[in-house]
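The values are calculated or read from the model by the stated rules, or taken from the named source; none is laboratory data. If you're wondering where the values come from, they're calculated on a predicted model, not measured in any experiment. No Cβ is skipped: glycine too gets one built from the backbone with ideal geometry, and neighbour counts run over all protein chains shown. What goes into the accessible areas is simple: the full protein's heavy atoms, side chains included, and nothing from ligands, DNA or RNA. Shrake-Rupley method; radii C 1.70, N 1.55, O 1.52, S 1.80 Å.
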Amino acid sequence: DGGLGQDQIQKVLSSSRKAFDGCIQSAEKSGEVSLDGRKVVLRLSIQTSGAVAYPTLDDVTLAGTELGSCLKSAARMMLFPKFKGDPLHVEVPLVLAGAR
């Protein structure tokens, strides 16, 4: 169908996990955000070119922090395979927990 498969999406997300974890670890060091294990959702719009546009966080207080900016830039770095059809909206659950 020319669309983007769930497995293709998962593959890109898991390869980007390190970047997201890096953001969370930096936030832990700076102490700017309390990493209390809460879940936040990163919403992405994947364009047909494979680029990510308009990444947003469902937690408004987090969106304006260094961590929020870092997560959104990490999201913009992701590149998905090109596909046909409409842009896809994907939700990426992230857990804000410090290294144990």
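Among the residues making up segment 30-52, those that are modelled with pLDDT of 95 or more and over 14 Å from Ala19 (Cβ atoms) are Val41, Arg43, Ser45, Ile46, Gln47, Thr48, Ser49, Gly50, Ala51.
Looking at this structure, is Ala74 open to solvent by 30 Å² or more (accessible area, probe 1.4 Å) and either at pLDDT 95 or above or of a type in the set (Gly, Ala, Ser) (or both)? Judged against the criteria, Ala74 is not a match. All conditions but one from (1) more than 16 Å from Gly98 (Cα to Cα); (2) touching a residue at least 40 places away in the same chain (Cβ under 8 Å); (3) part of a strand (DSSP E or B) apply to Thr56; the one that does not is (2). If we scan segment 83-93, do we find a residue that is open to solvent by 60 Å² or more (accessible area, probe 1.4 Å), among the hydrophobic types (A, V, I, L, M, F, W, C) and within 11 Å of the chain's Cα centre (by Cα)? No, there is no match, as no residue in segment 83-93 is open to solvent by 60 Å² or more (accessible area, probe 1.4 Å), among the hydrophobic types (A, V, I, L, M, F, W, C) and within 11 Å of the chain's Cα centre (by Cα).
Restricting Asp21, Asp36 to those that are open to solvent by 10 Å² or more (accessible area, probe 1.4 Å), touching a strand residue (DSSP E or B) at 6+ places or on another chain (Cβ under 8 Å) and acidic (Asp, Glu) reduces the list to Asp36.
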